[in-house]
Amino acid sequence: MSANPVQGTTSNSAIPTTTSKSTSKATSTHDQFMQLMLSELTQQDPLKPMSTAEMANQMLSLEQVSTTQNLQKQLENLSNVLMMGATGLVGKNVTVLDPNTQQEVTGTVQSLRSRSGSLSLMINGTSYPSEYLRELK
């Protein structure tokens, strides 16, 4: 079955929009998928319509896109909550386990860094993953 390429996206007020790049990309993918599916349905050969199995597979694909979009949004929210909670550690004396030497390091948390959903503590000029935090003094 042949379909015209999607040239752009249309706005749908039923789909919430956000300012997050990854969520916007997922929304864009969702919109493009819906346009492609609609294009397939409107331009299919009436004598050879899409099978029920094909339609079900496409609907499942749409559900997966939607689920992935929602999961990404929840992970971003969780990351923000963790970062806000961890700000209370700045200026506190802590003990961490150095993952390279397996030795405990004690010092004052100078700053926090979040990369790819992973939180690190800057102590004595060295960054340590937050999961190696052993004690808060």
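The values are calculated or read from the model by the stated rules, or taken from the named source; none is laboratory data. Values in this document were obtained by computation on a predicted structure and should not be read as measured data. Backbone-built Cβ (ideal geometry, glycine too); neighbour counts: all protein chains shown.
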Which ones in the range 96-127 are part of a strand (DSSP E or B) and within 28 Å of LYS73 (Cβ to Cβ)?
SER111, LEU112, ARG113, SER114, ARG115, SER118, LEU119, SER120, LEU121, SER127
Would you point out the residue of the range 75-86, among those that are closer than 13 Å to SER130 by Cβ and surrounded by 12 or more Cβ atoms within 10 Å (Cβ to Cβ), that is modelled with the highest pLDDT?
ALA86
Residue under question is THR108, and the condition is that it be surrounded by 14 or more Cβ atoms within 10 Å (Cβ to Cβ) and at pLDDT 90 or above; does it hold?
yes
Among the residues of the range 86-95, are any assigned to a helix (DSSP H, G or I) and of a type outside the set (A, V, I, L, M, F, W, C)?
yes
